[in-house]
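J.: Here you go, one structure.
The values are calculated or read from the model by the stated rules, or taken from the named source; none is laboratory data. Computed from a predicted structure; not experimentally measured. Because the Cβ atoms are built from the backbone with ideal geometry, glycine has one as well, and the counts that use them run over all protein chains shown. SASA here: full protein model, heavy atoms, side chains in, ligands and nucleic acids out. Shrake-Rupley method; radii C 1.70, N 1.55, O 1.52, S 1.80 Å.
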Amino acid sequence: MAVSTQEEQIQPQEQPTKPTNGSDNERAKYIGPPLPFVPEDLVIQDVLNIDDCDEKLWVPQAEGVWFRPLLFSVSHGYFVNLLRVRKSGILSRHRHTGPVHATVLRGRWHYLEHDWWANEGSHAFEPPGDIHTLEVPDDVSEMVTLFHVTGAYIYVDTEGRTLGVEDVFSKLEKARDHYRKMGFPDSYIEQFVR
């Protein structure tokens with residue numbers, strides 16, 4: 001077996017070719033065929049305009065707690081929503097089956113099991129398997145956080161016994177029921193499903 005030298009193994013890299021249609025590549029849009037099975041983009045205007053948002057868009061979750069759905073990815077098992085809390089105290093104790101990202105838009109909150117606080121403008125990453133008890137302090141009249149939740153919340157008692165489960169499917173059903181009661185057509189909720 002012959003052994004090649006290092007110089008023989010290094011091949012010159014080909015330079016990328018410029019488009020042959022004479023168009024300016026910086027401003028030319030893609031004109032090829034679309035990939036199959038790619039869902040539609042989803043753009044929701046004014047999601048950060050919390051104060052002037054139609055109250056019907058907020059889905060009641062519990063006393064003093066609402067969510068506004070932004071995406072239900074049933075094909076990948078995650079959801080994105082704004083969570084609005086207008087009460088203080090313990091919200092829930094839960095375990096995550098997947099990663100969670102949280103960006104605080106208004107107010108602040110923390111977990112009893114951790115030293116850190118999620119303050120307005122901060123972002124928190126919560127790993128799968130983390131178990132914690134969410135508390136909104138007494139001096140916060142309204143907390144709004146953008147959550148991206150993969151997998152499920154498993155609600156537990158102080159010893160970890162399961163009390164309930166919430167995932168993309170249960171959130172979707174809760175939102176669908178609410179929007180139907182508010183008189184929205186089914187197409188309204190379906191726009192968030194991917």
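J.: Restricting attention to the range 182-194, and to residues there that are without any contact (Cβ under 8 Å) to a residue 40 or more places away in the chain and over 13 Å from Leu57 (Cβ atoms), which single residue is surrounded by the fewest Cβ atoms within 10 Å (Cβ to Cβ)?
T.: Going through the qualifying residues, I end up with Ser187.
J.: Within the set of pairs 6 or more residues apart or between chains, which connect a residue that is under 15 Å from Glu55 (Cβ atoms) and without any contact (Cβ under 8 Å) to a residue 24 or more places away in the chain inside the range 66-78 to a residue that is open to solvent by less than 20 Å² (accessible area, probe 1.4 Å) and basic (Lys, Arg) with Cβ atoms less than 9 Å apart?
T.: Trp66/Arg84; Arg68/Arg84
J.: Please specify each residue of the range 137-151 satisfying the condition of being open to solvent by less than 30 Å² (accessible area, probe 1.4 Å), more than 19 Å from Glu55 (Cβ to Cβ) and either of a type in the set (D, E, K, R) or outside any loop (DSSP other than H, G, I, E, B) (or both).
T.: Selection gives Phe147, Val149.
J.: So, in the range 152-181, of the ones that are surrounded by fewer than 17 Cβ atoms within 10 Å (Cβ to Cβ) and hydroxyl-bearing (Ser, Thr, Tyr), which residue ends up farthest from Asp41 (Cα to Cα)?
T.: Thr158
J.: Taking the stated definitions as given, is Asn119 loosely packed, with under 13 Cβ neighbours inside 10 Å, in contact with a Lys or Arg (Cβ under 7 Å, 6 or more places away or on another chain) and without any contact (Cβ under 8 Å) to a residue 40 or more places away in the chain?
T.: yes
J.: Checking the conditions here, which among Trp66, Trp116 is modelled with pLDDT of 95 or more, aromatic (Phe, Trp, Tyr) and more than 24 Å from Ile189 (Cβ to Cβ)?
T.: Sole residue among the options that is modelled with pLDDT of 95 or more, aromatic (Phe, Trp, Tyr) and more than 24 Å from Ile189 (Cβ to Cβ): Trp116.
J.: What are the residues in the range 101-152 that are polar (S, T, N, Q) and touching a Gly at 6+ places or on another chain (Cβ under 9 Å), if any?
T.: Result: Thr103, Asn119, Ser141, Thr145, Thr150.
J.: Moving on to the next point. So which residues in the range 152-178 are part of a helix (DSSP H, G or I) and either farther than 18 Å from Phe67 by Cα or free of Cβ contacts under 8 Å to residues at least 60 places away in the same chain (or both)?
T.: Ser170, Glu173, Arg176, Asp177
J.: Counting only residues that are open to solvent by 50 Å² or more (accessible area, probe 1.4 Å), closer than 18 Å to Ser170 by Cα and either outside any strand (DSSP E or B) or hydroxyl-bearing (Ser, Thr, Tyr) (or both), how many does the range 77-102 have?
T.: 2
J.: Among the numbered conditions (1) crowded, with 18+ Cβ neighbours inside 10 Å; (2) over 22 Å from Val47 (Cα atoms), tell me where Ile131 comes up short.
T.: Ile131 satisfies every listed condition except (1).
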